[in-house]
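To keep things clear, I will list the structure first and then write my remarks on it.
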Amino acid sequence: MRILSALGFPEAELSLLFVDDEAMREINLEYRNADKSTNVLAFAMNEGEFSDINPELLGDVVISTETALKEAREWEMNPDVRITQLMVHGILHLVGFDHEKGPDAEAEMEVKSTELVRMLENNEQLAGWLDP
């Protein structure tokens, strides 16, 4: 995967799970005690008691396609672009980026996210969305 190679993890593995809002709400409630859906969740495997079992396994990224499609319509953007943004966002969390650590961390994550999405651009709609 080009994203993992660009981040310095060419041999790493992760799982992507695409769900609807109800499934996302259940996952969010079970693992984060938040009884609501969200657009993306990331569950890093390199944290916690068993983090050393398989260092190449980064974790799981869960994307609510239902929310992603709503956001794409609301923001008048290509749904593929929105899903790509969410996937990149989740992967960045798996490799240690965390926008919730403050403004500097948030800015760093945003720059890296934009860089990675640009790297993946492969059609005019994606390029058009990225250009100011």
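The values are calculated or read from the model by the stated rules, or taken from the named source; none is laboratory data. Keep in mind the model is a prediction, meaning the values are calculated, not measured. So basically every Cβ, Gly included, is an ideal-geometry build from the backbone, and we count neighbours across all protein chains shown. Quick note on the areas: whole protein, heavy atoms, side chains included, nothing else; ligands and nucleic acids left out. Shrake-Rupley method; radii C 1.70, N 1.55, O 1.52, S 1.80 Å.
Taking the conditions exactly as written (surrounded by fewer than 17 Cβ atoms within 10 Å (Cβ to Cβ), of a type in the set (A, V, I, L, M, F, W, C) and outside any strand (DSSP E or B)), does Leu29 satisfy them or not? Lay out the reasoning, then the answer.
Working: surrounded by fewer than 17 Cβ atoms within 10 Å (Cβ to Cβ): yes; of a type in the set (A, V, I, L, M, F, W, C): yes; outside any strand (DSSP E or B): yes.
Spelling it out, Leu29 is indeed surrounded by fewer than 17 Cβ atoms within 10 Å (Cβ to Cβ), of a type in the set (A, V, I, L, M, F, W, C) and outside any strand (DSSP E or B).
Could you count how many residues in the stretch 36-54 are farther than 15 Å from Ile91 by Cα and open to solvent by less than 100 Å² (accessible area, probe 1.4 Å)? Let's see the steps before the verdict.
Kept after step one, since they are farther than 15 Å from Ile91 by Cα, are these residues of the stretch 36-54: 36-38, 48-54.
Still in the list and also open to solvent by less than 100 Å² (accessible area, probe 1.4 Å): 37-38, 48, 51, 54.
The number of residues fulfilling the criteria is 5.
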Top-ranked residue of the stretch 55-91 - restricted to ones that are in a helix (DSSP H, G or I) and of a type in the set (S, T, N, Q), ranked as surrounded by the fewest Cβ atoms within 10 Å (Cβ to Cβ) = Thr65
Result of the Cβ filter at 9 Å on the stretch 48-70, keeping first residues that are farther than 25 Å from Ser37 by Cβ and partners that are not in a loop (DSSP other than H, G, I, E, B), at least 6 apart or interchain, is Ser51/Ala44; Asn54/Glu13; Glu56/Glu13; Leu57/Glu13; Leu57/Leu14; Leu57/Ser15
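Among residues belonging to the stretch 53-103 that are among the small types (Gly, Ala, Ser) and more than 20 Å from Gly8 (Cβ to Cβ), point out the one that is modelled with the lowest pLDDT. I'd like the intermediate steps shown before the answer.
So the first thing to find is which residues in the stretch 53-103 are among the small types (Gly, Ala, Ser), and the list is 59, 64, 68, 72, 90, 96, 102.
Now restrict to residues that are more than 20 Å from Gly8 (Cβ to Cβ): 64, 68, 72, 102.
Details: Ser64: 98, Ala68: 98, Ala72: 97, Gly102: 90.
Result: Gly102.
Which residue is nearest to Leu69 (Cα to Cα), if the candidates are limited to the stretch 2-13 and must be open to solvent by 40 Å² or more (accessible area, probe 1.4 Å) and in contact with a strand residue (DSSP E or B) (Cβ under 8 Å, 6 or more places away or on another chain)? Step through it out loud before you land on a result.
So in the stretch 2-13, the residues open to solvent by 40 Å² or more (accessible area, probe 1.4 Å) come out as 2, 5-6, 8-11, 13.
With in contact with a strand residue (DSSP E or B) (Cβ under 8 Å, 6 or more places away or on another chain) added as a condition, the list becomes 9, 13.
Numbers: Phe9: 29, Glu13: 26 Å.
Filtering first and then ranking leaves Glu13.
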Of all residues in the stretch 104-132, count the ones that are closer than 24 Å to Ala12 by Cα, modelled with pLDDT under 90 and open to solvent by 50 Å² or more (accessible area, probe 1.4 Å).
-> 4
